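Encoded as structure tokens, the structure appears first; notes follow it.
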Amino acid sequence: MSELIQKDVADLSEEEARAELEHLAAAIAAADIAYHQNDAPEITDAAYDALKRRNDAIEEAFPELVRQDSPTGRVGAAPAEGFAKVRHGAPMLSLAKAYTDQDVVDFIERGQRFFQRDEGLELAFTAEPKIDGLSASLRYENGVFVQGATRGNGSVGEDITANLRTIGDIPERLAGSGWPEVIEIRGEVYMTYAEFQALKARSAASGGQDYVNPRNTAAGSLRQKDPAITASRNLRFFAYAWGLASGEPAASQYEAVQKFAEWGFAISPLMVRATSADELIAHYRLIEAQRASLGYDIDGVVYKVDQIELQKRWGFVTGEPRWAIAHKFPAEQATSVIRKIDIQVGRTGTLAPVARLEPVSVGGVVVENVTLHNEDYIKGLDSNGLPIREGIDIRVGDSVLVQRAGDVIPQIVSVVLDKRPADAVPYEFPHTCPVCGSPATREVNDKTGKEDSRRRCTGELSCPAQAVEGLRHFVSRGALDIEGLGAENIELFFAKDLVHNPAEIFTLHERRAEVQAALAERREEQARARELASGKVRKNVRSAESRNFEGLDKLFSAIDARREPELDRFIFALGIRHIGETTAAALARTFGTMDELIRVGKQVAASEDAMAVFPSVDGIGGTVVEALADFFGNERNEAVLAALLAQVRPRPYVINVAADSAIAGKTVVFTGSLEKMTRSEAKAMAERLGAKVAGSVSAKTDILVAGPGAGSKLKTAQEHGVEVISEDEWFERVGRS
Ligand code: IVH
């Protein structure tokens, strides 16, 4: 495999490209199975990404060679708009609803009446959570997943097979035995709160789009053109029913679902069997009580007749089974009034509107603040400019219906127009930053031509809101990570005018008395608040104060200890837009020193065509290069950075080895999959150290760095007696592991 990755795509013949695409499809499919189904990845993420990128590059150069089973999910020839249509083997039904306990009693009585002539029959039911996601139908033939579709209109859905394959809870091959030759497994695709919050956080950190709730996000993730994006969303799936089947999986609903688990599906752990309305309702209460701690949204409990034979006899009415019903949870909704709309400014300058409500209890929790996401959302439009609330905007003074689902952040469902005050006016989203007064603008994405949904303050570090968020970021875990200097202290020092920029953190000891006073004052306040709350009077004030002094010395030495941070942490700490920890590390490896990064950054900033002057680094594209150009082209940043660099010396990423370097002047070849660096980073690093990097091994080669999967190059090297070292040994030799 590694041999195939060597040749430039431009140099490939059609035959070679075809052969390589075939290889790549197989290798990527094998890696997917190892990762998603066996939970035992056989290659590193970096190696996997390299395969994907290589596949992408070849597909782009040879669009006519794109395979039917292409790992990108592209289909041969011009990819059609949208997804192909799939007719379900059996319709995907919806469910009748029950809202009250009486509705459940009525449902059971209907069943008993229907089967009243069957003497001695005990009608049984299953009860299980109703997952708030998207239903999907998965067709298995001879135990192999062949096609997956959305529900669509119930008869015809969309083919999203490639995206469904990325879901770990969906087996590519059924485990165990006894499955019908053909079966459509039905279930719900959903996103956990944890995954949703993580995605939101990632997106916010890199200035990406906003996500409103897990269900919509799961839906969007399933409809991606690129399955790699779906894969990154870590969707989940519960199997709970089946459609067409060449043989019944079991005689009862309950047993069938247990079989699904044996075949390798995730099933809800909260399914039970019961025979009376009381038992069903008791289980409903139990699930309701656990709702907030499940970690994903559910919106009710589904009851189904357990015996398949009886399901068939009771039958259907207009798209709904008679033998099942969804007992919905009461909506966790309440109405309140918007008192005002505040704008909060984040680290990257995003203006985030928050509605301040008359406090209202929603499902047992008092809600006072609700995010309004962005300007368009307030206007009643989604990110594509389509109405989300039947075109009704949100105004100060409006009565709004507020909803909490599980423990997800509260949201506004609708505006009660009847109650809109006569003098309510459309909200005017500020075009200047409410904190610093700088213009706040909406950027236009170069590629899509679309306006960003967020408005951003252009004041950067001169904006106090951005400055304090920037400082919090600077000392955070992945950044400088200064012990004892958390977000709370940073806010305090900023508020007390003791630290305005990162450089001043390192001169804090010069303002020792003021720092001491600020900390003491806060401690006093906290103690007073505690006293008030507990009614106890405190003793031992002196010893608390002497601890104080010690604490201060500790803080200053913790700050001193970080005067020579690792370069990658330092770059990340700068909080340049779109530069997360991974990108910061790639930049550090590539440029080696801060001086070099600054030099290239300025060059990029001054150039008309930023991409043209920026060296090619794997994983770094136009967005990052633009962000670097913006950052290094900004005079204020230059001043802040210069002041900081007068205090702090980031360690060069690679100790620059002098002429006696083990690498200088040598010819090096890299082969196999590298795990700690991409191939182009490896090349850049070697060249910086004075080595020459070659593509093939010959007698002139001095060193072969071989990762896992090294093939014929390794053999050739051994034949020529070339020194072969591992990636770790390489790092040891260049002075950094
Ligand atoms: S059974 C024949 N079970 O609810 C019955 N549906 O309103 C087919 N849903 O489209 C559905 N959790 O998306 C069933 N445990 C569950 C469910 C469930 C969620 C969804 C499903 C369906 C909708 C029906």
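Calculate one ³J(HN,Hα) per residue across the stretch 307-318 by plugging θ = phi - 60° into the Karplus curve 6.51 cos²θ - 1.76 cosθ + 1.60, and present them in order as whole Hz with x for glycine and proline.
Coupling constants for the stretch 307-318: 6, 4, 4, 6, 4, 5, 5, 6, x, 10, 10, 4 Hz.
Could you state how much accessible area Ser534 has, in square angstrom rounded to the nearest 10, with a 1.4 Å probe and all protein chains kept in place?
Taking all protein chains as shown, Ser534 has close to 70 Å².
Could you give the size of the charge dipole of the chain about its Cα centre, using +1 on the Cβ of each K and R and -1 on the Cβ of each D and E, expressed in debye and rounded to the nearest 20? Each step should come with its number before you reach the end.
On the way: 87 positive and 110 negative charges, 292 e Å.
Rounded to the nearest 20 debye, it is 1400 debye.
Using per-residue counts of other Cβ atoms within 10 Å, averaged over each peptide, order 267-280, 187-200 from highest down.
187-200, 267-280
Given a Förster radius of 56 Å and the C-beta distance between Ser276 and Glu22 as r, what FRET efficiency does 1/(1 + (r/R0)^6) yield to the nearest 0.05?
My answer for the efficiency is 0.40.
For Arg173, put the label point 7 Å out on the Cα→Cβ axis and report which residues of the stretch 263-292 keep their amide N under 16 Å from it.
Zone members listed by number: 263-265.
When only the heavy atoms of the protein chains count and the probe is 1.4 Å, how do Glu59, Glu531, Glu675 rank by accessible area, highest first?
Descending order: Glu675, Glu531, Glu59.
Skipping prolines and chain starts, which residues have an amide H placed within reach, meaning under 5 Å, of the one on Val693, given they are 5 or more residues away or on another chain?
Residues meeting the amide H criterion: Val668.
Which far-off residues, 5 or more places away or on another chain, put their amide H under 5 Å from the one on Val724, with H placed in the peptide plane?
Leu704
With the contact rule set at Cα under 8 Å and sequence spacing of 6 or more, what percent relative contact order holds for the chain?
9 percent.
Using protein chains only and a probe of 1.4 angstrom, how many square angstrom of Arg18 are accessible, to the nearest 10?
About 110 Å², rounded to the nearest 10.
So what J values fall out for the stretch 409-418 if you push phi through Karplus, 6.51 cos²θ - 1.76 cosθ + 1.60 with θ = phi - 60°, rounded to Hz, Gly and Pro as x?
In residue order, the calculated couplings are 3, x, 9, 8, 8, 7, 9, 7, 4, 4 Hz.
On full extension of the chain, what length is gained from Gln102 through Ala30, given 0.36 nm per residue of separation minus the C-alpha to C-alpha distance?
20.7 nm
With a cap of 10 neighbouring Cβ atoms within 10 Å, and only residues DSSP puts in a loop, list the GluC sites (Glu not before Pro) found in the stretch 558-649.
Those satisfying the criteria are Glu608.
Could you check the spin-label model distance between Arg87 and Arg53? Points 7 Å from the Cα along Cα→Cβ, value in nm.
Between Arg87 and Arg53, the simple spin-label model gives 4.5 nm.
Subtracting the Cα-Cα distance from 0.36 nm times the residue separation, let me have the gained length for Glu729 to Ala198 in nm, one decimal. Write out the running numbers ahead of the final one.
Values: separation 531, 0.36 × 531 = 191.16 nm, distance 3.53 nm.
Once the chain is fully extended between Glu729 and Ala198, it gains 187.6 nm.
Measure out, as a whole number of angstrom, how far apart the alpha-carbon centroids of the stretch 192-206 and the stretch 258-304 sit.
What the calculation gives is 27 Å, centre to centre.
For Lys85, give me every one of the aspartates and glutamates with a C-alpha distance below 12 angstrom, ignoring sequence neighbours fewer than eight places off in its own chain.
Glu158, Asp159
Probe radius 1.4 Å, ligands and nucleic acids left out: which of Arg87, Arg186 has the largest accessible area, and how do the rest follow?
These residues rank, largest area first, as Arg87, Arg186.
Going by a ≥ b ≥ c, the root eigenvalues of the Cα gyration tensor, does the stretch 249-327 fall in the rounded group (a/c under 1.5), the prolate group (a/b larger than b/c) or the oblate group?
Numbers: a/c = 1.78, a/b = 1.25, b/c = 1.42.
The shape class here is oblate.
A 28 angstrom limit on the alpha carbon distance is what I want to check against. Which of Lys379/Lys447; Lys200/Lys554; Lys328/Lys450 exceed it?
Too far apart for the 28 Å limit: Lys200/Lys554; Lys328/Lys450.
Top to bottom by accessible area (1.4 Å), largest first, where do Thr166, Thr318 land?
Thr318, Thr166
Which of the lysines could be linked to Lys715 by a straight reach, that is with a Cα gap under 17 Å, when you skip same-chain ones fewer than 8 residues away?
Lys700
When DSSP beta bridges are limited to those with both residues in the chain, what percentage is antiparallel, rounded to the nearest 5?
Here the antiparallel bridges make up roughly 85 percent for the chain.
Between the alpha-carbon centers of the stretch 378-440 and the stretch 598-619, tell me the distance in whole angstrom.
Result: 41 Å between the Cα centres.
On the first, second and third principal axes, largest extent first, how far apart are the outermost C-alpha atoms of the chain in Å?
The principal-axis extents, from largest down, are 97, 79, 52 Å.
Please compute the modelled spin-label separation between Val144 and Glu248, points set 7 Å along Cα→Cβ, answer in nm with one decimal.
Output for this residue pair reads 3.0 nm.
Considering Cα pairs under 8 angstrom that are at least six residues apart, work out the relative contact order of the stretch 294-410 and quote it in whole percent.
Value for the stretch 294-410: 23 percent.
Per residue of the chain, what 222 nm ellipticity follows from adding -39500 (n - 2.57) for every DSSP H run with n ≥ 4, rounded to the nearest 500? Working shown, then result.
On the way: 25 runs with 271 residues, N = 737.
Taking each H run of at least 4 residues, the total per residue is -11000 deg cm²/dmol.
Between Glu550 and Lys692, 0.36 nm times their residue separation minus their Cα-Cα distance comes to what?
The Glu550-Lys692 span can extend by a further 45.8 nm.
For the chain, build the charge dipole from Cβ charges (+1 Lys, Arg; -1 Asp, Glu) around the Cα centre, then report which of Ala520, Ser94, Ser726 sits farthest towards its positive end.
Towards the positive end, the residue furthest out is Ala520.
Taking amide hydrogens as modeled 1.01 Å from N in the peptide plane, which residues meet the under 5 Å criterion relative to Val402, leaving out close sequence neighbours?
Ala334, Thr335, Ser336, Val413
Ignoring everything but the protein chains, give the 1.4 Å probe accessible area of Tyr377 in square angstrom, nearest 10.
Surface open to solvent at Tyr377 totals about 20 Å².
The values are calculated or read from the model by the stated rules, or taken from the named source; none is laboratory data. Every value quoted in this text rests on a predicted model; they were computed, and no experiment measured them. As a convention, Cβ positions derive from the backbone with ideal geometry for all residues, glycine included, and neighbour counts pool all protein chains shown. Remember, those area values only see protein heavy atoms, side chains included, never the ligands or the DNA or RNA. Shrake-Rupley method; radii C 1.70, N 1.55, O 1.52, S 1.80 Å.
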